[in-house]
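Asks: I am attaching a structure below and will ask some questions about it afterwards.
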Amino acid sequence: MPSREEILGKLRDGIVIFDIDGVKKAAEEAMKMGISPTEAIMEGLSKGMDIVGEKYSRNEYFLAELIMAGETMKEAMSVLKPYMEKGDVPKIGTVVIGTVLGDLHDIGKNILATLLTAAGFNVIDLGVDVPPEKFVEAVKEHKADIVAMSALLTTTMVNMKGVIDALVKEGIRNKVRVIVGGAPLTDEFARQIGADACGKDAVEGVNICRKWMEEKRRT
Ligand code: B12
């Protein structure tokens, strides 16, 4: 029987070498061993994506490798997802989530959406390259409690402000909490654009959203 560290290592390294079959097998093994899906993602798969990013920065990997790593991550997530989504748990709140205009990175956003669903949120996922008006429409239609935005590019993170401005313009900014996240973001940036919080990773994001819903219930 492999150790917990070995399995997490297989998940990490499988992403780095785009071994779809290997990571899927390791993900199944992790679940059988009682490793939590969150741990498998955060301590295994995400660590692999970090290494891929570093290799890209050093010109050891190129766009094709980023795409293959992204695909490998998606396949691994498809094995873990059924272990996370609890069927008929009463929903604790509604989150509208999306990657902002111009940005196609969705792996981190998908992890957050999956963890939020597992935590009991009703998650409305708008996908990638989402313009401000789509966020606004979805908030109104689903009476959302929270808007969660992701951006991975320094050139697209500025588009988060466009969404907040659109919420203000529609007079609904005070009805929702806004959380932002993604590798280039900082608390300082979140404050500047008028967001309520910046989550450094998906786990922190879920904890912040949970805390907000508890506060809402108490008032
Ligand atoms: C995979 C990848 C891609 C894939 C994306 C596939 C997909 N389906 O998402 C593809 C090949 C499409 C891609 C394309 C590009 N990419 Co790219 N990509 C990456 C890479 C290697 C990994 C990103 C990733 O998925 N990480 C793993 C996830 C789990 O991490 P994450 O997204 O950061 O999310 C975590 C947290 O940030 C947080 N989080 C994320 N969102 C949110 C939201 C909220 C609300 C909260 C609370 C938390 C949260 O939680 C997550 C989990 O804990 C990064 C390098 C890196 N290390 O980040 C480069 C990177 C982001 N890409 C980069 C670039 C330059 C590009 C391209 C411009 C390349 C090109 N020349 O065309 C294009 C842009 C396309 C576009 N318009 O979006 C640069 C960005 C530089 C910059 N500072 O702007 C990076 C940093 C690479 C580098 N080192 O230069 N890319």
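Asks: Quick one: which of 181-190, 210-219, 143-152 comes out on top by average Cβ neighbours within 10 Å, and what's the full order, highest first? It would help to have the intermediate numbers written out before the result.
Replies: Working: 181-190: 16.8, 210-219: 12.0, 143-152: 24.2.
Highest-to-lowest ranking by the protection proxy: 143-152, 181-190, 210-219.
Asks: Cβ neighbours within 10 Å, averaged per peptide: list 52-63, 98-109 in order, most packed at the top. Show your work: numbers first, answer last.
Replies: Values: 52-63: 12.5, 98-109: 21.4.
Ranked by mean Cβ neighbours within 10 Å, highest first: 98-109, 52-63.
Asks: Which one, M213, Q192, L116, projects farthest toward the positive side of the charge dipole computed for the stretch 93-218 from Cβ point charges (K/R +1, D/E -1)?
Replies: Of the listed residues, the answer is M213.
Asks: Take the Cβ-Cβ distance between D165 and R218 as r, set R0 to 35 Å, and report the resulting FRET efficiency rounded to the nearest 0.05.
Replies: 0.75
Asks: Using only the Cα atoms of the stretch 93-218, each taken as one equal point scatterer with no solvent, compute I(q) by the Debye sum, divide by I(0), and report log10 of the ratio at q = 0.18, 0.21 Å⁻¹.
Replies: The computed values of log10 I(q)/I(0) come out as -0.86, -1.23.
Asks: Report the Cα-based extents of the chain along its three principal axes, largest first, to the nearest Å.
Replies: 55, 42, 26
Asks: Okay, moving on. Report the Cα-based extents of the stretch 91-145 along its three principal axes, largest first, to the nearest Å.
Replies: Here the Cα extents, ordered largest to smallest, are 31, 25, 10 Å.
Asks: Just to confirm my numbers, what's the Cα centroid distance between the stretch 1-36 and the stretch 72-148 in Å?
Replies: Their Cα centres are 25 Å away from one another.
Asks: Mind listing the long-range amide H neighbours of G93? Cut-off is under 5 Å, sequence gap 5 or more, other chains count too, H placed in the peptide plane at 1.01 Å from N.
Replies: N122
Asks: If you don't mind, there's one more thing I want to ask. 5 Å is the cut-off here: which amide hydrogens, built 1.01 Å from N in the peptide plane, fall below it relative to R177, excluding neighbours closer than 5 in sequence?
Replies: I146, V147
Asks: Let me ask something else. Once phi is turned into ³J(HN,Hα) by the Karplus curve 6.51 cos²θ - 1.76 cosθ + 1.60 with θ = phi - 60°, what whole-Hz value does each residue of the stretch 174-181 show in order, with x for glycine and proline?
Replies: Couplings: 6, 8, 10, 9, 10, 10, 10, x Hz.
Asks: OK, next. I'd like the Karplus ³J(HN,Hα) series for the stretch 200-213: coefficients 6.51, -1.76, 1.60, θ = phi - 60°, whole numbers in Hz, and an x wherever there's a Gly or Pro.
Replies: Calculated HN-Hα couplings, in order: 6, 8, 5, 5, 4, x, 5, 4, 5, 4, 4, 4, 4, 5 Hz.
Asks: With a/c under 1.5 counting as rounded, go ahead and sort the stretch 32-82 into rounded, prolate or oblate using the C-alpha gyration tensor (a ≥ b ≥ c being the square roots of the eigenvalues; past the cut-off, prolate if a/b is larger than b/c, else oblate).
Replies: Verdict is oblate for the stretch 32-82.
Asks: Further question on the same structure: Which residues' amide hydrogens lie under 5 Å from the amide hydrogen of G102, considering only partners 5 or more residues apart or on another chain, with H built in the peptide plane?
Replies: D129, V130
Asks: Once each part is reduced to its C-alpha centroid, what is the distance from the stretch 176-219 to the stretch 39-67 in angstrom?
Replies: 25 Å
Asks: Using each residue's phi in the stretch 137-144, evaluate 6.51 cos²θ - 1.76 cosθ + 1.60 at θ = phi - 60° and report the 3J(HN,Hα) Karplus result to the nearest Hz, with x for Gly and Pro.
Replies: Listing the rounded values in order: 4, 5, 4, 5, 4, 9, 6, 5 Hz.
Asks: What is the magnitude of the charge dipole of the chain about its Cα centre, with +1 placed on the Cβ of each Lys and Arg, -1 on the Cβ of each Asp and Glu, and no other charges, expressed in debye to the nearest 20?
Replies: Dipole magnitude for the chain comes out near 840 debye.
FYI, it's all coordinate maths here, none of it is from the lab. The shown structure was predicted, so the numbers you read here are calculated from the model rather than taken from an experiment. Positions of Cβ are generated from backbone atoms using ideal geometry, with glycine treated the same way; all protein chains shown enter the neighbour counts.
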